[in-house]
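To keep things clear, I will list the structure first and then write my remarks on it.
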Amino acid sequence: MICSETPLPGVVEIEPKVFDDSRGYFLETYRTSIYDGNGVVARFKQSNHTHSTKGSLRGFHYQLARPQGKLIFVTQGEVLDVAVDIRRGSPTFGKSHAAILNDVNHKQLFIPVGFAHGFCVLSESVDIIYLLTDEYDPDDQRGIRWNDPDIGAEWPIDEPVLSDKDCTSPFLAEMEDNDLPIYCVVD
């Protein structure tokens with residue numbers, strides 16, 4: 001497995017070892033000891049599977065009271081997956097990192113607590129698995145506008161398919177301080 005740091009500290013791209021042969025392939029999608037040893041320390045409490053169609057864009061989503069770290073990978077199709085640092089006081093506040101995740105490169109993206117997440121579907125459809133460090137709480141769901149110019153995510157689609165919620169989420173600059181996580185330096 002190859003773990004690559006990104007310009008956003010804590011956001012890690014992961015390339016698992018894939019074993020190919022005439023029958024197909026095998027790969028481990030998660031093993032605590034290996035991930036911990038590579039700096040991806042997380043205890044997952046929930047697993048989700050989403051299926052989306054071409055042109056769909058979901059995000060940017062996060063939870064505040066029950067923040068979630070996420071390990072994301074694609075089992076079918078392709079997405080542009082984006083993490084955004086939304087921690088007040090962070091040196092990388094408002095910055096984003098994007099990665100192509102698909103069923104050929106088998107890359108994973110680990111997004112720690114304090115970041116918002118979004119993706120857009122590049123293939124005809126996509127199936128994504130998320131491992132989450134906390135359980136989903138519908139009363140705690142939050143969002144930031146997908147096309148926020150201060151974030152500057154470069155989505156490769158002109159007219160995405162969006163939910164009503166994603167169309168009306170506030171821009172980062174409109175967010176109240178108490179609606180964003182706080183950056184903490186850990187020694």
Item to check | Condition broken by residue 151, with the remaining ones in (1) aliphatic (A, V, I, L, M); (2) within 18 Å of residue 4 (Cα to Cα); (3) outside any strand (DSSP E or B) satisfied | outcome: (2)
Item to check | Set 59, 69, 77: member being closer than 22 Å to residue 41 by Cβ and either surrounded by 18 or more Cβ atoms within 10 Å (Cβ to Cβ) or at pLDDT 95 or above (or both) | outcome: 69
Checklist entry - Quick one: would you say residue 2 is surrounded by fewer than 19 Cβ atoms within 10 Å (Cβ to Cβ), more than 17 Å from the chain's Cα centre (by Cα) and either more than 29 Å from residue 170 (Cβ to Cβ) or at pLDDT 95 or above (or both)? => result yes
Checklist entry - Mind checking which residues of the stretch 135-161 are under 28 Å from residue 44 (Cβ atoms) and touching a Ser or Thr at 6+ places or on another chain (Cβ under 9 Å)? => result 142, 143, 144, 146, 151, 153
Item to check | Extreme residue, surrounded by the most Cβ atoms within 10 Å (Cβ to Cβ), among residues of the stretch 33-52 that are under 21 Å from residue 79 (Cα atoms) and among the small types (Gly, Ala, Ser) | outcome: 52
Checklist entry - Which is surrounded by fewer than 18 Cβ atoms within 10 Å (Cβ to Cβ) and among the hydrophobic types (A, V, I, L, M, F, W, C), of 100, 86? => result 100
Next on the checklist: If I filter the stretch 17-32 down to residues being in contact (Cβ under 8 Å) with a residue 40 or more places away in the chain and not in a strand (DSSP E or B), which single residue comes out as surrounded by the fewest Cβ atoms within 10 Å (Cβ to Cβ)?
Outcome noted: 29
Item to check | Top-ranked residue in the stretch 115-146 [being over 16 Å from the mean Cα position of the chain (by Cα) and assigned to a loop (DSSP other than H, G, I, E, B); ranked as farthest from residue 29 (Cα to Cα)] | outcome: 137
Checklist entry - Just a yes or no: is a residue in the stretch 158-181 in a strand (DSSP E or B) and under 21 Å from residue 52 (Cβ atoms)? => result yes
Checklist entry - How many residues are surrounded by 14 or more Cβ atoms within 10 Å (Cβ to Cβ), of a type in the set (A, V, I, L, M, F, W, C) and over 13 Å from residue 118 (Cα atoms) when one looks only at the stretch 162-182? => result 3
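The values are calculated or read from the model by the stated rules, or taken from the named source; none is laboratory data. Computed from a predicted structure; not experimentally measured. Positions of Cβ are backbone-derived with ideal geometry, glycine not excepted, and every protein chain shown enters the neighbour counts.
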